[in-house]
Each structure stands twice: as C-alpha cells, then as structure tokens.
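Only one structure is covered here, and it is reproduced in the block below.
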Amino acid sequence: MAIPDKSEKIVRFGCGFIFGLLVGGINTVYFLHDAGYGTAAIVLVLAVISAFLSMRCGSVFWRWIAKWISF
C-alpha cells in the first residue's frame, strides 16, 4: 500500500467532510425539526470526525461505510 501524498489526503479529507455534513444534515432534518446551534455543532463535529477517518484510513473507511449502509 502506497503512502498517500498531500493532495490525496486533502481530497480524502474533503470527501469525508462532505459525507459527514450530508449524514449529519439528513439526520438532523429527519429526527430534529427544531435545529439550533447545538445541533449545528454536532453536525460539524460529525463532519470533522468523518473527514479525519476518511483521510487517515482511506478505502478501509469507505468500505466500512458501504458495509454499514447496506446492512
């Protein structure tokens, strides 16, 4: 397995962040109809965690997400 360069890490981080925002935003709309600043903070934390895991683990993270979504 090759060591990812800086640009690949940036792409991984960006994709993970967008994924985290989408999942957090969808869950916020679905479960909480009255979203406030606390909810926005939780969504941002979820996005950053998802981005970090995507950057650090790469394909392993995305395979785990695909497995988790498909049940």
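The values are calculated or read from the model by the stated rules, or taken from the named source; none is laboratory data. Note that this is a predicted model, so its numbers are computed, not measured. Virtual Cβ from ideal backbone geometry, glycine too; neighbours counted across all protein chains shown. Side chains are part of the model used for accessible areas, which takes the heavy atoms of the whole protein and leaves out ligands, DNA and RNA. Shrake-Rupley method; radii C 1.70, N 1.55, O 1.52, S 1.80 Å.
Descriptive notes on the structure:
- Tallying residues that are outside any helix (DSSP H, G or I) and not aromatic (Phe, Trp, Tyr) within the stretch 38-71 yields 1.
- Filter result (hydrophobic (A, V, I, L, M, F, W, C) and surrounded by 16 or more Cβ atoms within 10 Å (Cβ to Cβ)) within the stretch 1-14: Phe13
- Every pair of residues 6+ apart whose Cβ atoms lie under 7 Å, when the first sits in the stretch 14-37 and is closer than 21 Å to Trp68 by Cα and among the polar types (S, T, N, Q) while the second is open to solvent by less than 40 Å² (accessible area, probe 1.4 Å) and at pLDDT 85 or above: Thr28/Val43
- Of residues in the stretch 20-38 being at pLDDT 90 or above and open to solvent by less than 50 Å² (accessible area, probe 1.4 Å), the one nearest to Arg56 (Cα to Cα): Gly20
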